[in-house]
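Structure, as structure tokens:
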Amino acid sequence: MKKAERALREKIVALCRQMNASGLNQGTSGNISARFEDKLLITPSGIPYEEMQPETIAALALEGEYGAFDGPKKPSSEWRFHLDIAKARPEVGGIVHTHSTFATVLAIARKEIPACHYMVTAFGGPDIRCAPYARFGSKELSEHAVAALDGRKGCLLANHGMIALGEDLDKAMWLAVELETLARQYYHALLIGGPVLLTEAEIAEAAEAMAGYGPAAQDAPEVSPPRPRRARRR
Ligand SMILES: [Zn+2]
């Protein structure tokens, strides 16, 4: 195995553990994938993150037979949307899927996130769409996810969770944390009478200023996304 591939596999394992330690994800419901040459490295199905090793990461073929993989364990049950997103979006190097609480609360209510905060522009547009419901692991869910992500780096999945994308894993994880933060903020704004939305012009201006914002692509070996804060009880 190439050194760079091993490093990427180690990073997937580290990010999975970090995702749970920070409270962004629970159990093994989340999954992470990263592009390496002609394959997509992806977390295996149903393995507790503490037991996961770089060798147990599955490698899906990006070309050739759909769903063909290498590895001792089957890829995550959500391998279809990981693979379809990687195929549809050649600029994407990392994909993070979680059932983080506030993103999932909005997804259960089937609410998209509107232009309630300028950070929405980090995802490529004035809103974060909510993909229609389809059974977990299904091709239909994958098609809905690819469509909801068109021109975007994040989406909600109805009655399920969320997906965040990046040019690399650091950026994808950064956006996963940002998406959960936005969802939490929007949820709370709804409780006090609803948000005042930004105008099209304000969003366009923010999007321009946002270009290039986020973790550096290469020089960030250790990712430490901020710990998602829990809502305080009243
Ligand atoms: Zn899921």
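Pairs of lysine residues in region 3-210 that meet both criteria, 8 or more places apart or on different chains and Cα atoms under 21 Å apart, total 22. Reducing region 164-178 and region 140-157 to their Cα centroids gives an inter-centroid distance of 15 Å. Taking the Kirkwood radius as Rh and the Cα radius of gyration as Rg, the chain has a ratio of Rg/Rh equal to 0.96. Considering only alpha-carbon pairs that sit under 8 angstrom and 6 or more positions apart, the relative contact order computed for the chain is 19 percent. Within the listed set Phe69, Phe102, Phe81, the Gaussian network model of the chain (springs between alpha-carbon atoms below 10 Å) gives the highest mean-square fluctuation for Phe69.
Solvent exposure of region 3-210 amounts to 42 Å² per residue of accessible area, where only protein heavy atoms count and the probe is 1.4 Å. Computed over neighbours whose Cβ is under 14 Å from that of Ala207, the net charge equals -3, Lys and Arg +1, Asp and Glu -1. Which percent of the accessible heavy-atom area of region 3-210 goes to carbon and sulfur, probe 1.4 angstrom? Roughly 54 percent, rounded to a whole number.
With the highest mean first, a sort of the peptides 6-12, 197-203 on other beta-carbon atoms found within 10 angstrom per residue produces 6-12, 197-203.
The values are calculated or read from the model by the stated rules, or taken from the named source; none is laboratory data. All values derive from a computational prediction rather than experimental measurement. In this analysis, Cβ positions are derived from the backbone assuming ideal geometry, glycine residues included, and neighbour counts consider all displayed protein chains. SASA here: full protein model, heavy atoms, side chains in, ligands and nucleic acids out. Shrake-Rupley method; radii C 1.70, N 1.55, O 1.52, S 1.80 Å.
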